[in-house]
1. Restricting attention to region 56-73, does a residue exist that is charged (D, E, K, R) and closer than 14 Å to Ser107 by Cβ?
2. Name the residue that is most open to solvent (accessible area, probe 1.4 Å), counting only residues in region 59-82 that are among the aromatic types (Phe, Trp, Tyr) and not in a strand (DSSP E or B).
3. Only one of Ile97, Ile85 is of a type in the set (A, V, I, L, M, F, W, C), free of Cβ contacts under 8 Å to residues at least 60 places away in the same chain and open to solvent by 40 Å² or more (accessible area, probe 1.4 Å). Can you tell me which?
4. Quick check on region 1-35: of everything there that is open to solvent by less than 100 Å² (accessible area, probe 1.4 Å) and free of Cβ contacts under 8 Å to residues at least 40 places away in the same chain, which residue is farthest from Ile85 (Cα to Cα)?
5. When the residues of region 41-57 are filtered to those that are of a type in the set (Asp, Glu) and either out of contact with any helix residue (DSSP H, G or I) (no Cβ under 9 Å at 6 or more places or on another chain) or open to solvent by 40 Å² or more (accessible area, probe 1.4 Å) (or both), which remaining residue is nearest to Phe73 (Cα to Cα)?
6. What single numbered condition from (1) more than 22 Å from Glu14 (Cα to Cα); (2) open to solvent by less than 30 Å² (accessible area, probe 1.4 Å); (3) of a type in the set (A, V, I, L, M); (4) in a strand (DSSP E or B) fails to hold for Leu38?
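The values are calculated or read from the model by the stated rules, or taken from the named source; none is laboratory data. All values derive from a computational prediction rather than experimental measurement. Here the Cβ positions follow ideal geometry from the backbone for every residue, glycine too, while neighbour counts run over all protein chains shown. Protein only, heavy atoms only, side chains kept; ligands, DNA and RNA dropped before computing areas. Shrake-Rupley method; radii C 1.70, N 1.55, O 1.52, S 1.80 Å.
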Amino acid sequence: MISKWIKKIRNSRELKKSNWGRNFNWYIEYNDKIIGELIDYEWMDMFWDTYIVKSMNEEWNQTLTDPKSWDNFKYKNQYYDQYAIHAFPGGGYECDIILNERISMRSLYLTEIK
């Protein structure tokens, strides 16, 4: 019991040092395949962060630049191998998405290490 409590405290400290996973970048998953990455985290505003959108392969470029596809993406942390289940894009998301350019994201962070 005490060891679980100690592990939870250590995990909380580690997660805080990593800015709740933001410093480790994110994979973009679509239909259980990794199709891209969100890299180069920058803080934007109170609830928003920005990342550069990178494609893993040219075959996914059209999907990554289609705003409607972003409703079906999942975001997995590259270090912790966990999903940010409440994350969603904003600020320009309704418009064209351009590869290798910044996109705003909200709720793209982890709250605990599992």
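1. no
2. Taking the candidates together, the pick is Tyr79.
3. Being of a type in the set (A, V, I, L, M, F, W, C), free of Cβ contacts under 8 Å to residues at least 60 places away in the same chain and open to solvent by 40 Å² or more (accessible area, probe 1.4 Å) holds for just one of Ile97, Ile85, which is Ile85.
4. The qualifying residue farthest from Ile85 (Cα to Cα) is Ser3.
5. My answer is Glu42.
6. Among (1) more than 22 Å from Glu14 (Cα to Cα); (2) open to solvent by less than 30 Å² (accessible area, probe 1.4 Å); (3) of a type in the set (A, V, I, L, M); (4) in a strand (DSSP E or B), Leu38 violates only (1).
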